Structures are given as structure tokens and as C-alpha cells.
Amino acid sequence: MALEAVFQDLCQQCQKLHEAMSALRLTIVEDKPLTGDIMLIEQFSNSVDDILGWLEEVYSAAAEGRQAVRSPLDLERARHALLSGHERCNHLMQKFFLELLCHDRIAELLNVGRERRGEWQAWAQSVKGAIEGCQSSFYDVQSALFKCWQELAERFDMSPVSAQTTSMRQTVAVPGSTGLPGRSTSRRAT
């Protein structure tokens, strides 16, 4: 796949994940039951907002990388953008898997539904489904990142490399030497 195409795919996967996370946020905040309020809603909402913020930075880095691989090609700029985006992607994935999808959080969500019943139970099931539905988009972003790294590495493999060899001279004094010529040993280091 062409370098520009993999960066374009990364941008598209980021957009799909943004849509999924925005739908999750809508389910958490807007679709909640009208009666009562719980701290879990705020916690989930804050986690989603943080993830959306990190995701915007991943998208910006992907767009920067896409621009860098257009003519004139700037592999170093593309590498820097990809590194930045991947670092931010790691943060948002960690937040998603530790704060939203983890077993304890899902169990807490389902407990709220069981305890409050009715609308709350339907809401809890809906949020759980939306969270689980986001997983595949996260994997798609990870896969797109991998493809970008793969294409970039192949380009670096094809780019010309120059090597310069230098030699050093080392003088070793032999203990007991009188300092006379011929009494010290010199050798080339390689």
C-alpha cells in the first residue's frame, strides 16, 4: 500500500472512532434516565471527553503525517508525526480499557441498572453495548498505525544510506617500558 494511502486510512479510522466515541458520549449523557443522577455518569462522561481530546491529537498527527508524505516527501517529518500520534493513541487506549471497558466499571454500571431497574437498567445495557461497540474501532486505529509504521520502515529501508569509516590509533604503554622507541606498542582499533 502506498505511504499516503496508509496515512489516509489512519485519518479515516480516527474519524470512525471519533463517531463511535461521540455516540457513546451521547448514550451516557443524553440518554440517561431523567430521574435521579449518579456519579458514574460523570466519571464515564469525563473519560469519554478525555479520549475524544486525545483522539483529536491523534488525528492531527495523522493529518500531519499524510501531508509529510506528499510531494515533496519528508520521511523524517512523517516519522515524527507518526510517533507523536502513536504516543497519544496509547494514552487514549489505556484510558478506554482501564476506565470504561474494564470489568469493574462494567460491573458497577450493570449493578446500577439492577438496583434502580426500569429506565436505569435499559440505560446501563445501552451504555455497556456502546462501550463494547467501540472496541473494534480502537483495533482498527491500532491496525492503521501499524500499517503506517510498516510502510514508513520500508521507505527508510529503500532510502540511500551513507556510511563513513574512521580509524583510530591507540598507543599502549607496556609496563616496565623504558620509554625508548620500539618499547611501546601501537595498534589500530577497528
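Within segment 96-108, can you find the residues that are closer than 24 Å to A62 by Cα and crowded, with 17+ Cβ neighbours inside 10 Å? Break it down stepwise before answering.
Restricting attention to segment 96-108, the residues satisfying the condition of being closer than 24 Å to A62 by Cα are 96-97.
Hit for segment 96-108 is F96, nothing else.
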For this session: May I ask you to say which residue of T35, T27 is in a loop (DSSP other than H, G, I, E, B) and β-branched (V, I, T)?
Result: T35
Problem set entry | Qualifying positions in segment 115-143 - among the small types (G, A, S), within 20 Å of A23 (Cβ to Cβ) and in contact (Cβ under 8 Å) with a residue 24 or more places away in the chain | S126, A130, G133, S137
Exercise. Residue check, Q121 against (1) under 26 Å from the mean Cα position of the chain (by Cα); (2) surrounded by 14 or more Cβ atoms within 10 Å (Cβ to Cβ); (3) closer than 23 Å to S45 by Cα, all met but one. Which one?
Worked result: (1)
Problem set entry | E4 vs. criteria of a type in the set (D, E), under 25 Å from A153 (Cα atoms), in contact with a Gly (Cβ under 9 Å, 6 or more places away or on another chain) and assigned to a helix (DSSP H, G or I) | no
Exercise. Could you say whether any residue in segment 30-49 is touching a residue at least 60 places away in the same chain (Cβ under 8 Å), closer than 30 Å to G129 by Cβ and under 17 Å from the mean Cα position of the chain (by Cα)?
Worked result: no
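Sort out which residues of segment 91-126 are among the aliphatic types (A, V, I, L, M) and assigned to a helix (DSSP H, G or I), and write them in order of number. I'd like the intermediate steps shown before the answer.
Quick first cut of segment 91-126, residues among the aliphatic types (A, V, I, L, M) only: 92-93, 98, 100-101, 106-107, 109-110, 112, 122, 124.
Residues satisfying the conditions are L92, M93, L98, L100, I106, A107, L109, L110, V112, A122, A124.
Any residue that is out of contact with any Pro (no Cβ under 8 Å at 6 or more places or on another chain), loosely packed, with under 13 Cβ neighbours inside 10 Å and at pLDDT 95 or above - is there at least one of those in segment 25-40?
Going residue by residue through segment 25-40, those that are out of contact with any Pro (no Cβ under 8 Å at 6 or more places or on another chain) are 25-40.
Checking which are loosely packed, with under 13 Cβ neighbours inside 10 Å leaves us with 26, 30, 34-37, 39.
Keeping just the survivors that are at pLDDT 95 or above gives 26.
Yes, because at least one residue in segment 25-40 is out of contact with any Pro (no Cβ under 8 Å at 6 or more places or on another chain), loosely packed, with under 13 Cβ neighbours inside 10 Å and at pLDDT 95 or above.
The values are calculated or read from the model by the stated rules, or taken from the named source; none is laboratory data. The structure presented is a predicted model; accordingly, all values stated were derived computationally and were not measured. Counting neighbours? That spans all protein chains shown, and the Cβs are built from the backbone with ideal geometry, glycine included.
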